[in-house]
1. What order, most packed first, do the peptides 3-10, 50-57 have when packing is the mean number of other Cβ atoms within 10 Å of each residue?
2. How long is the chain along each principal axis, judged by its Cα atoms, biggest number first, in Å?
3. For the chain, with all protein chains present and a 1.4 Å probe, just round the carbon and sulfur fraction of the accessible area to a whole percent.
4. Counting pairs of alpha carbon atoms under 8 Å apart in space and at least six apart in sequence, what relative contact order in percent does the chain give?
5. For the chain, report the accessible area per residue in Å² (1.4 Å probe, heavy atoms, rounded to an integer).
6. What angle, in degrees between 0 and 90 and rounded to the nearest 10, separates the Cα long axis of helix 16-28 from the longest principal axis of the Cα atoms of the chain?
7. Report D for segment 1-100 in µm² per second (integer): Stokes-Einstein, Kirkwood Rh on Cα pairs, 37 °C, 0.692 mPa s.
8. Any chance you could check the Cα centroid distance between segment 94-110 and segment 150-217 for me, in angstrom?
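The values are calculated or read from the model by the stated rules, or taken from the named source; none is laboratory data. Predicted model only: the values in this text are computed from it and were never measured. Note that we place each Cβ from the backbone using ideal geometry, even for glycine, and neighbour counts take in every protein chain shown. Accessible surface is based on the protein model in full, side chains and every heavy atom, while ligands, DNA and RNA are left aside. Shrake-Rupley method; radii C 1.70, N 1.55, O 1.52, S 1.80 Å.
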Amino acid sequence: MNRRYFSLWREALPNPAFLALILEIRQALKGCTTVLDLGCGDNSPMRFLTSAQIIGVDGYAPSLKAAQARGTHDEYHLADVRKADQLLGDRKFDACIALDVIEHLSKPDGLQMLAAMERLATKRVVIFTPNGFVPQQSKNGDLQEHLSGWLPDEMRQRGYRVTGMHGPKSLRGEYASLKHRPKALWGMVSVMAHYSYTRQCPEKSFSIFCCKHLDSN
């Protein structure tokens, strides 16, 4: 099945935090025409990046099959995200991105994945993950349990520019869901705080968006 077109405004406007993430991704990947999406899952935000060829990799076969049925990517590979550089041969990509993935790995495995991404990419490496450890359980073997936490400072030390996402950490819990109701109101509070404060102060945000520019080193 060929990759499908997905309308960003129809799907993302009801969720301002998701829209902010898509806009951040687009900005970070400007000039990148091939992108490897590690741990792509069944409905990756990368489906909205229409200006590049997107290759999806996931270790959970049902998710990859669902992604293929939806037409979210141009290619699909069932593989261990920690060893993607070994499984894809000599292929290189302008960018490697892992959205809500690294926290599902142990610390050593997460570092192994980062190293693999930095070998595969020629321009950018992007990581999106909760700010620090946030408990989350797996359901039916779907690999969604959180095993590690990643902080802004440690990502900066690895050469990443870190941006806060999802607004203040105090407003969200498991699966980044808002803690308070009505959710429409608190979602607006969260996104206003994101743009006015926590985007520039990732230590206070729920999630962090980390981008490393390999082509400027």
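1. Sorting 3-10, 50-57 by mean packing, highest first, produces 50-57, 3-10.
2. Principal extents (largest minus smallest coordinate, Cα): 47, 38, 37 Å.
3. 53
4. 19
5. Accessible area per residue: 48 Å².
6. In the chain, helix 16-28 runs at an angle near 40 degrees to the longest axis.
7. For these conditions, the coefficient is 239 µm²/s.
8. Between the Cα centre of segment 94-110 and that of segment 150-217, the gap is 17 Å.
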